[in-house]
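Just so it is clear, none of the values below were taken in a lab; they were calculated from the coordinates. Computed from a predicted model, the values in this text were never measured in an experiment. Glycine also receives a Cβ, built like all others from the backbone with ideal geometry; neighbour counts cover every protein chain displayed.
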Amino acid sequence: MFDRIAHRYDLLNRLLSFGTDVRWRKRLARALPDGADLRVLDLATGTGDVLLTLARESCHVRSAVGADMSLGMLRLGKEKLAAANLGRFWMVRGDATALGVADAQFDAVTIAFGIRNVLDTRAALREMVRVLLPGGRALILEFSLPKNHLVRRGYLLYFRHVLPRLGALISGDAHAYRYLNETVETFPHGEDFCRLMREAGFHNVTAHPLTFGIAAIYVGVVPQ
């Protein structure tokens, strides 16, 4: 599915979020751990927007690797990284539930709008804990459901009826954008997702709502 929509993915992200996704990624980058020479892993990296944001927003990232299952997304992402001349950033094909790298390799793991797409959320969270250094930080940006009833009502109206039609029209793939709103409504959010992170082994788990609660950044730390 992501291979099919890769050619319109960036455009639709900007249009359907009214550009808000750009600001959210900047917030994600600013939540990186303190310290210089950070090593970062970006899961479900897609076309590399988080990697590009890290390069622009943080001078403390020594190296970053993006992993994704979609070859179509990775092809476009590699082109974007090459155009930006980011030699210390690269992309690989990888499964967030079985990364195949040694333990304790990264200072931070990021994932933006991808955790709800992995086949086993708990396995992916455990992999994040495994590959992070002690004291390392996971930063998970994901859609949520607003607590305010009026905001939630308008949000769901847009997600259920407007977004799927626009997405289908521009991408040519109606299923992909029906899938988006269905997964957002059924995926754990708020305290429910925080609980999953704690069960996976994260400490000091916090949720930071964004834009009236339509998205959130979840932060978890690997114990020292």
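Remarks
- Take 36-44, 55-63, 190-198, 102-110 and order them by the average number of nearby Cβ atoms within 10 Å per residue, most first; the result is 36-44, 102-110, 190-198, 55-63.
- Distance in nm between pseudo-label sites at Phe212 and Leu157 (7 Å out along the Cβ direction from Cα): 1.0 nm
- Calculated FRET value between Thr186 and Trp90, using beta carbons and R₀ = 35 Å, to 0.05: 0.55
- For region 62-179, the residue among Pro146, Thr110, Thr121 whose Cα projects farthest onto the positive side of the dipole built from Cβ charges is Pro146.
- Remark: the chain carries a charge dipole of roughly 500 debye about the Cα centre, counting +1 on each Lys and Arg Cβ and -1 on each Asp and Glu Cβ.
- Here the contact order of the chain, divided by its residue count and restricted to Cα pairs under 8 Å and six or more residues apart, works out to 20 percent.
- In this rough spin-label picture, where each label sits 7 Å from Cα along the Cβ direction, the Ser58-Ala123 distance is 2.7 nm.
- Shape of the chain, Cα gyration tensor, a/c cut at 1.5: oblate
- Computed E for Ile170/Val101 - FRET, C-beta separation, R0 41 angstrom, nearest 0.05: 0.70
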